[in-house]
Each structure stands twice: as C-alpha cells, then as structure tokens.
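**Student:** Sharing a structure, written as structure tokens. Questions coming.
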Amino acid sequence: MQHHVVDLLLSELHTLVCDLGRDGGLIGPSVYDTAQVIRLAPPASGVQQTLSWLMAQQQPDGGWGNPAFPRARDLPTLAALLALHMYALSAPDRAVIHLGLAFLRNQASIWAGPLPEDLPVGIELLLPRLLDEAQAAGLSVPQTPYAALVALGQQRLRLLASIPARAGTPPAHVWEGWGRDPDTSLIDSSGGVGHSPAATAAWLRASSGRAELAEARASAHRYLEQASAATGVGIPGVVPTVWPIPRFEQPFGLYMLLAGGLLDHPLLRDAVRLQLDELSHALRPSGLGMSDWFTADGDDTAAALALLLATGRLADPSILLYFAHADHFRAYASELQPSLSVTAHAVHALRLAGRPCDAAQRYILQRQLADGRWPGDKWHSSWLYTTSQAVIALADSPHADVLSRAADALLSHQHPGGGWGDDDASAEGTAYGVLALRALVRAKPAPCLQQGLDRAERWLLECYRPLEHAGDTACWLGKQNYLPRRIVRLLQLTATVPTTALPASPQLSQLIGGPGPLRYPAQQASELALG
C-alpha cells in the first residue's frame, strides 16, 4: 500500500516541479491588497462578491489576518475596515466594522516597547498612511500605540527621498505608502507597479482622469486581472500580496527538494534539470529577483546558488557579497530589519561552495533561543521554518552543541501524534520539522532522531490526500501573511515521501569541490568581520 502512495506522491511532485514559475506563480489571496484594490481601483464587474469574500475572512476576534502573527494583523484589518466603510450600507456591515475597530483597540498592547525585527514588509509606511485615511473617514482608530512605527516610517521616508523611484524595486512595491505622482516609469514589464496589486491600485487612483496615461492605465488594469487569477479564488478584485513570483517559486520549490533529499530522485531528475537550466540562465551577475523584472534579492539568490552548487553547476558564490552587511546577509540593501532565514540560506550556499563565512554562522548561532529554537523572522511567522533553515545551514558544521539543542527542541515540541504546530499540528509546520530532522540524521544518526522522524513521516502520510490543498495556513510574510501555494505543497509532499524511499546519494561534500575560504573585497572585509 505504501508503494502505491509513494508513487502518487512522486507523480504529484513531478507535476509541481514542471509547473514551478508557470503563469507567474500561484499565491493565495491577500486581505490587505484586496481591500486596497476595491477602495482604489475596483473591478468593472462590481465589488459585491469581493466585499462578501472580505467579510468572510474576518476572524472571531474581529480582526483580519493570521492570529499566529499578531503584528501582521493591524494592516489588513485597517484596510478591510476602510473598504467596508466605503461601501457598507446595512446594519450587519456596520456591526462588522465596530467589531474590527474593537479589535484594533485591543491591539495596543502588542505595540508597546521596542519594535521587533520581524515587522511585515513596508508596514512603517503603509499603516501610518491608512491611519491618516481612517481619521479622515471618521473611524475611531487609536493613534498613540503606533508612535514608534510612525517614527520608523519617517526614517524610511527620509531614506526614500534620496533614492530615485524606479520600476521593479522595493520602494515601488510599497508605493501606496509614500507615492503621489503617477509616473509611468514605475510601471514594470508585468504591467503593474512594484509587483504589488495594492501599489498598482494606488497608482491607478492617482492617475485617474489623465488621458495621456490611458495606455499605462490599461496595462495596470490587465495586471490586476492577471494577479487576481493567480489566487485561484475566481472572484474579480481578490488579489495576492505580491505577483508575479516565478523566480521566487522556482528556487524555493527546488530548495525544499534539496533539503528533503529528493532533488536527485530518478523520477524527478528530468523535470528538476529543466528548472535548474532555467534558473542558471536567469541568475544575473547581481543575483536573482522574484521575477526577471524585479531587482535581485539575497534570499532568492542564495537559494538559487545553493541549488546550482549542490548539483555541480557553475555558479559564482561571490554574488552573495552584494547582500552582505556587517555580520549577516540581507534580502535588499535598504532593509531596516535583518533576517535570520536569509542569512541561513546564504551560509548554506557558501558552505556548499566550500567557502564558509564564520561571521554569518556566528550571527545564526547567537540568535538561537535558550530552548534550542530559532524565532520566526520577517519573511515567515513560524519558528519551525527558521529553525529548519538554520539547522539545514549548520548541519555539517562543527557546532554540535547548537545542533543538539535544536534537536532537543524539535523533539520536545513534537505533538504526540507526530506532527508539529504552534497549537494543533499542521502539514507545513510538520514538513519543516521533517526537513530539520533529516538534516540532523544525515549529519549524526541517533535513534531518538530517527524515531521522531518516523513518527512525523507517518503523520504526514496519514494526512496525505492526492491533489488536495485544503487547510493550508498563510504563514509566509510580506505586507501580510500569505501562502505561496506551489512552494508549500511541494514542501509538504517532499516531507511526506518516507525516508526509506529517498534515493541513496553521495554526500554533497563528495560531489562539490570547494575552492577554499571566500575572499572578500578589501572594502567588505572589515564590515563582515570574518572569523
């Protein structure tokens, strides 16, 4: 029976690998961006269906967004309230608004104290703009709790004032938080602004009535229609938080295969090779971005380099120098908050190249919590993600004590049934636990680790339903929590394939010849403080 299930898993995996990047990628819907679209550039077919969808996403506590990541909820909640306030006519609609306002008042306590490093993308620009609009609309939203965030936004605005606005850049992605002038140079080859439905909708509102911008406006409307199709929801105006994402979907989908031990499976090898060929051609001297039309980022670049190096392809790991900052690596040069997971992916790529970076490894080591876990970061809300990525990066390193604490943490947080999750076990959370344990077992087999791995794989096998994606939770972070559908499904399937069905492959260190320690340019050496 298990052989039959494994065949189904590999067949579905093969299809997913072939589809990575197709049609710009598949991504779940965003409350924040959907609310902004129906406020600023509503679909011609009307907004009633979209409003119904929006209200259906409200949580029992009155807010919108994933309760597992509280600071990512204020932005979608406020945007949804502004959209409902614009259209609401009935008493039930107004009751929904009152419940949402009460939720925001209850949020005040989580914004007390210093701001954390895992803030949603651009929230320091986006939320202050919405707070001003809420005040103008007569909505009673408390302003004081967000004082530190507003101050951070002012700092960001000063930085933006010195940077020319360009298409396909992080500032363009959050244009709705600072932009005023609908410059056509902001429209990239996707047809939208900054690969962002919300920014594109804001640009369309700003360009309203400008006859000379008719062609660019038509392009932007087409972009919103295509972005809406990428969610799979089928309701005009329901859009994702970012799109297109083909070069994000490709390397991170394949990275899950690499971490899970399936990248070289005979039944997947041809499909993987085609994707790697495309990634190899897409990798620019400056790195890889979420698409060919967006600026390169350190995370996609590191994942792509790890894949190319692990499969013996020519790739220059020094590309990562563009993203090195002090003792860690960044996704974008203008970031104000660092990311643990980006640094972990860079460390993994450099180790595969035989060029370890001691400073970046120390950065990861120093951020391990006392209980052995690593906290969630700005790109993913779950500790299971960051812990698994840190373990994968360090698995063949000499830091046995750190890895032992991580192993203890994973086993102690495993649910009795074999899964992982903050409350109940989830397929995505369990899959990260499986990838981490596989990396630990490969580095240093131990009966307790193998037993935990066996239990987790059994749990995933019991939960597996071919071609069913229901129940996936949005845990990845952008402007709000989102779900990259193909990446998460590929992750889940990879972890569900039992270890006994994985191909027996030589160690990567035997496949890859490293040229020695990474030599940094003189101007970078002191900044990186290499050990």
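The values are calculated or read from the model by the stated rules, or taken from the named source; none is laboratory data. Note that the structure is predicted; figures quoted are calculated from it, not measured. Every residue, glycine among them, receives a Cβ derived from its backbone with ideal geometry; neighbour counts consider all protein chains shown. Surface areas here come from the heavy atoms of the whole protein model, side chains and all, with no ligands, DNA or RNA. Shrake-Rupley method; radii C 1.70, N 1.55, O 1.52, S 1.80 Å.
**Student:** To the nearest 20 debye, what charge dipole does the chain have about its Cα centre, counting +1 at the Cβ of each Lys and Arg and -1 at the Cβ of each Asp and Glu?
**Tutor:** Approximately 420 debye in magnitude.
**Student:** For Cys475, Cys448, give the ranking by accessible area with the largest first, probe 1.4 Å.
**Tutor:** Numbers: Cys475 25, Cys448 70 Å².
Result, largest first: Cys448, Cys475.
**Student:** Taking all protein chains in place and a 1.4 Å probe, what share, in percent, of the accessible surface of the chain do carbon and sulfur account for? The partial results should precede the final answer.
**Tutor:** Details: 11440 of 20860 Å².
Carbon plus sulfur share of accessible area: 55 percent.
**Student:** Give me the orientation-averaged projected area of the Cα convex hull of the stretch 196-333, in nm², one decimal. Show your work: numbers first, answer last.
**Tutor:** Working: hull surface 44.6 nm².
So the Cα hull casts an average projection of 11.2 nm².
**Student:** Take each of the peptides 160-168, 436-444, average the number of other beta-carbon atoms within 10 Å over its residues, and list them starting from the highest. Provide the component values of the computation, followed by the final result.
**Tutor:** Details: 160-168: 13.8, 436-444: 21.1.
Answer by packing, highest mean first, reads 436-444, 160-168.
**Student:** Among 237-250, 404-417, 16-29, what's the highest-first ranking by average C-beta atoms within 10 angstrom per residue?
**Tutor:** Ranked from most to least packed, the peptides come out as 237-250, 16-29, 404-417.
**Student:** Also, quick follow-up: With every protein chain left in place, what is the accessible area per residue of the stretch 43-87 in square angstrom, probe 1.4 Å?
**Tutor:** Roughly 38 Å² per residue, with all protein chains present.
**Student:** How long is the gain from Ala137 to Leu467 if the chain were fully straight, where each residue apart is worth 0.36 nm and the alpha carbon distance is subtracted? Each step should come with its number before you reach the end.
**Tutor:** Working: separation 330, 0.36 × 330 = 118.80 nm, distance 4.47 nm.
Gain on extension, Ala137 to Leu467, equals 114.3 nm.
**Student:** Any idea what the dipole of the stretch 348-448 comes to, in debye rounded to 20, about its Cα centre with Lys/Arg Cβ at +1 and Asp/Glu Cβ at -1?
**Tutor:** For this selection, approximately 480 debye.
**Student:** In addition: Dimensions of the stretch 2-159 along principal axes (Cα, Å, largest first)?
**Tutor:** Principal extents (Cα only, largest first): 59, 40, 30 Å.
**Student:** If you average the alpha carbon positions of the stretch 407-480 and of the stretch 291-305, how far apart do those two centres end up, in angstrom?
**Tutor:** 27 Å
**Student:** In addition: In debye to the nearest 20, how big a dipole does the stretch 1-61 give about its Cα centre with +1 on each Lys and Arg Cβ and -1 on each Asp and Glu Cβ?
**Tutor:** Here the size comes out at about 260 debye.
**Student:** May I pose another question? Put +1 on the Cβ of every Lys and Arg and -1 on every Asp and Glu Cβ in the chain; which of Gly122, Ala303, Ala147 then has its Cα farthest towards the positive end of the dipole?
**Tutor:** Most positive-ward Cα: Ala147.
**Student:** Extent of the stretch 390-454 along each principal axis, from alpha carbon coordinates, in Å, largest to smallest?
**Tutor:** Answer, in whole Å and largest first: 34, 22, 16 Å.
**Student:** Quick one, what does Rg over Rh come out to for the stretch 205-253 if you take C-alpha atoms and the Kirkwood Rh?
**Tutor:** On the Cα set of the stretch 205-253, Rg over Rh gives 1.10.
**Student:** Using only the Cα atoms of the chain, build the gyration tensor, take square roots of its eigenvalues as a ≥ b ≥ c, and label the shape rounded, prolate or oblate: rounded if a/c is under 1.5, else prolate if a/b is larger than b/c, else oblate.
**Tutor:** Prolate, because a/c is 1.5 or more and a/b exceeds b/c.
**Student:** Could you rank the peptides 293-302, 310-319, 455-464 by their average count of other C-beta atoms within 10 Å per residue, with the highest value first? Display every interim value, and only then the final one.
**Tutor:** Details: 293-302: 25.0, 310-319: 16.9, 455-464: 19.2.
Result, highest mean first: 293-302, 455-464, 310-319.
**Student:** What number comes out for accessible area per residue over the stretch 153-231 if the probe is 1.4 Å? Units Å², please.
**Tutor:** So the stretch 153-231 comes to 44 Å² accessible per residue, rounded to a whole number.
**Student:** Counting helices only, and only those DSSP H runs with n ≥ 4, report the 222 nm mean residue ellipticity of the chain as the sum of -39,500 (n - 2.57) divided by its residues, in deg cm²/dmol to the nearest 500.
**Tutor:** It lands at -16000 deg cm²/dmol.
**Student:** Further question: Can you give the Kirkwood hydrodynamic radius of the stretch 179-223 from its Cα pairs, in Å with one decimal?
**Tutor:** Computed over Cα pairs of the stretch 179-223, the Kirkwood hydrodynamic radius comes out at 10.0 Å.
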